[in-house]
Structures are given as C-alpha cells and as structure tokens.
Amino acid sequence: GFTAYLYSYSSAGLKVHALVAKPVEASPLRGYPVLIANHGHHPEPPKYGISSDGTDRRPGDYYRRIPELFAAKGFMVIMPDFRGHSDSEGTEFTEGMLESSYYTEDVLNLLAGLNSLEGHDPENIFMWGHSMGGEVTLRSLLATDRVKGASMWSSVGGDIWDQCYYYSRYEDPMAFDSSETSKSAIERLQGRIAAFGAAFDYEGSEPLTVDDPSSVSDRGADYKWSERLAKELYIRGKKYQFFSYPGSNHLFEGEMMEQAASRDVEFFRSLISHTQ
C-alpha cells in the first residue's frame, strides 16, 4: 500500500500539482528511490484525474495502477499533472504538437524542487513515461543527468513532423493521400510556428539507460517509433532493453501491465547505486 498527497510547485510562473504516492513500508536509510511518472496525452486536460464516478482521484482510472504497482515495490512515485491539467494552471499550453516541450519544463522544475520532499533518495531518481509522456521523458533526459534510468511504454517518437503526419492520418491510416489532402496536425503546427515568428526544428536524441516496452499492434503510438529508438540506442552504444508485447492496447492491461512493471522495477534496481 501507499499514502498519497498532492504536492504543488512553480513552473514557468504557473502553479502545477503532482500526485505523490509514498510506500507505507519503512523508508530505507537513504530514503525511497524516486520514480517520476509522466502520463500521456489527455483529450480534455481539465478533466485529468477525474474518475468514472466524477470524483477527483489523481491520476484517474486510466493510470490508477501505475502508482499502485511501483509504490508497492518501494518507490516514491511522483506523477505531475502537467500544466493545464486538472486544476494546474496553464490550459493555454495544452493544445497542439508542442505540448510535450512545455510539459518537459514542468518535469525539470519538479526535479529542481525535489529537495523539499521528505523521505526521498536524491541519488536514485528514475523516470517512467507512457505515450506522449515517453517523449517528455526523453526530452527530460536530454536536459539533466539526475535521472539514472528510464522506461517508456508505447512512447511517441520520431521527429515532430513524423508525429504530425501520423496523427493527421490516425483515423484512417489506409486512406489515399496526396499533396492535395489536408493534414490537420501539420497545419496546426505550421500555424503555431508562424505565431512564434521564428524557425523551429526538433531533433530527437537518446538517454543512457532505457527500458522500452511496446504493443506490436498499438495505434496510439506507432510501434516503429519504439523500434527506431532501440536502433538508435544500439548504434550509439547505449544501454537499453526493448520488450514487445502482443495485442493492440495502448496502455498495457492485466498480466501484461504487471509483467512490464516488474521488468521496470528489476531494471531500476539494477541501477541503484547503494544497497537499500
């Protein structure tokens, strides 16, 4: 079991909240290892964390098992809302293909303020991300060396234009395409870039230690993105594990979720720098 509470912090002048799930078992001498868990895209950000019965129970029904599974294994799980989600400020940042850039800033500011949380081990910080949260995780790892290892489940990948093209055809990927066919996600991104009045480029990169499980028939995030990440990590001589699971669930369910979480825990514990 675990106890849970909300933690508030400032990110780019916005008040952002995070769920903190703390194991009920006695803390190790150095504190609990930390897992920052980054959720995926929510179609209605203000309703993030709202359960089917209408109550505010972060992280909501869809991600309920994530803090439960990892806290049960002795990790302090911190799951940020991201700006504009639930009652966190910043709804104007939740639209368009640039959202993961803003949410990465929220994660980095969360990391910067971790010392205000009691009972955590500052030497053993890990990260988990699902779908868009996987991209947030990758971006965060580019900006800090405080995270010892990370796991991305069914992660969004590729460059930002790959993503725009993919999601423009999401409803019917087999449909005919031509230069005359409207591509809504690309057009929205072009509009945002024009509003900035400057050129924009995004080039992905990879962290040092990664666990990367994905469903082979998942359409929420292209399976090829996970294959590409594994390929790039191998070429660059980085430490990684890549697990594939049968089915089309964008977020693993049942036994597959249990198995994926257990593999993550084993992976994280292999990187812990001192005996817990």
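Across segment 47-77, the residues whose backbone nitrogen lies under 19 Å from the label position 7 Å along the beta-carbon direction of residue 3 are 58-59, 67-77. With respect to the cross-link table entries 15/73; 73/148; 22/148; 22/239, which display a Cα-Cα separation exceeding 23 Å? Long pairs (Cα-Cα over 23 Å): 15/73; 22/239. The alpha-carbon positions of segment 58-117 define a convex hull whose volume is 103 Å³ per residue.
Normalised size of segment 13-172, defined as Cα radius of gyration per 2.2 N^0.38 Å with N residues, equals 1.03. Solvent-free Debye calculation, one equal scatterer per alpha-carbon of segment 17-106: log10 I(q)/I(0) at 0.12, 0.18, 0.22 Å⁻¹ equals -0.39, -0.80, -1.05. Distance from the Cα centroid of segment 220-269 to that of segment 136-153 is 15 Å (rounded to whole angstrom). Based on C-alpha pairs under 8 angstrom that are at least 6 apart in sequence, segment 1-97 has a relative contact order of 36 percent.
Estimate the FRET efficiency between residue 144 and residue 269 by the formula 1/(1 + (r/R0)^6), using the beta-carbon distance for r and 35 Å for R0, to the nearest 0.05. Working from the Cβ atoms, E equals 0.95.
For segment 100-158, the per residue solvent-accessible surface stands at 27 Å², with DNA, RNA and ligands left out and a 1.4 Å probe.
Electrostatic tally near residue 261: other residues with Cβ closer than 9 Å to its Cβ, Lys and Arg +1, Asp and Glu -1, net +1. A DSSP coil position with no more than 15 other Cβ atoms inside 10 Å describes none of the chymotrypsin sites (Phe, Trp or Tyr not before Pro) in segment 231-276.
The values are calculated or read from the model by the stated rules, or taken from the named source; none is laboratory data. Everything numeric here is computed off the predicted structure, so don't read it as measured data. FYI the Cβ positions are ideal-geometry reconstructions off the backbone, even for glycines, and counts take in every protein chain you see. The protein model used for the area step is the full one, side chains on, heavy atoms only, and it has no ligands, DNA or RNA in it. Shrake-Rupley method; radii C 1.70, N 1.55, O 1.52, S 1.80 Å.
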